[in-house]
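Below is one structure; the comments refer to it alone.
The values are calculated or read from the model by the stated rules, or taken from the named source; none is laboratory data. Source: prediction; values computed, not measured. FYI the Cβ positions are ideal-geometry reconstructions off the backbone, even for glycines, and counts take in every protein chain you see. Just so you know, the surface numbers come from the protein's heavy atoms only, side chains and all, with ligands and any DNA or RNA stripped out. Shrake-Rupley method; radii C 1.70, N 1.55, O 1.52, S 1.80 Å.
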Amino acid sequence: MIAMDITIHTTVLPHDDPEASVAFYRDVLGFEVRTDVGQGKMRWITVGPPGQPGTSILLAPPAADPGITDEERNTIATMMAKGTYGWILLATPDLDSTFEQVQAGDAEVVQEPTEQPYGIRDCAFRDPAGNLIRIQETR
């Protein structure tokens, strides 16, 4: 087997309000805004944690792909409204402090810090687009 040098560079989450998404990821989570391309609601915004320039989240309009049908656009909109379309798992060494800071930013709390039966401790929020943001404590 040949070893490959592969890293996770960017993951994509949808947004339906670019200003609210930027405010959440920049002001609540403390991420850097690295790129902001487009205009109006048709903006592609890259954010990422300071000190980790090689890892980013691309916040993208979910139905901008011209290959998506109207039915698929409706399905995406429905799933986003329910909070079941996109999610990401982040990590921190201090879950309690992180939870307090994110909660103070008026993020929608889905789950307070909890010890899970599968061996991790985590919490969960929703971003302005309804994406689930789980934050796990590193040990």
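Below are the figures for this structure:
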{"item": "Test item: Cα-centred dipole of the chain, Lys/Arg +1 and Asp/Glu -1 on Cβ, debye", "result": "240"}
{"item": "Cα-projected label distance for ILE120 with ASP65, points at 7 Å along beta-carbon direction, nm", "result": "2.5"}
{"item": "Selection from THR92, ALA60, GLY40 lying farthest towards where the dipole of the stretch 23-117 points positive, charges on Cβ", "result": "GLY40"}
{"item": "Amide H contacts under 5 Å for ALA91, placed H, 5+ residues apart", "result": "GLN136"}
{"item": "Estimated [θ] at 222 nm from DSSP helical runs (n ≥ 4, -39500 (n - 2.57)) normalised by residues in the chain, nearest 500", "result": "-6000 deg cm²/dmol"}
{"item": "Where Rh is the Kirkwood radius over Cα pairs, Rg/Rh for the stretch 29-75", "result": "1.10"}
{"item": "Net dipole in debye of the stretch 33-99 [+1 Lys, Arg Cβ; -1 Asp, Glu Cβ; about Cα centre; nearest 20]", "result": "160"}
{"item": "Peptide ranges 86-92, 4-10, 20-26 listed from the most packed, as the mean C-beta count within 10 angstrom indicates", "result": "20-26, 86-92, 4-10"}
{"item": "Rounded tilt (10° steps) of 95-104 against the dominant C-alpha axis of the chain", "result": "50"}
{"item": "Antiparallel bridges, percent of DSSP beta bridges restricted to the chain (to nearest 5)", "result": "65"}
{"item": "Mean accessible surface per residue for the chain, computed with a 1.4 Å probe while every protein chain stays in place, in Å²", "result": "60"}
{"item": "Projected-area average for the chain over all orientations - Cα convex hull basis, square nanometres", "result": "10.9"}
{"item": "In degrees, nearest ten, helix 70-82 long axis to first principal axis of the chain (Cα)", "result": "30"}
{"item": "Label-reachable residues, the stretch 49-70, where backbone N falls under 12 Å from a point 7 Å from MET79's Cα toward its Cβ", "result": "62-63"}
{"item": "ILE68 long-range amide H proximity, modeled H, under 5 Å", "result": "none"}
{"item": "The stretch 56-71 versus the stretch 11-25: alpha-carbon centroid distance in Å", "result": "13"}
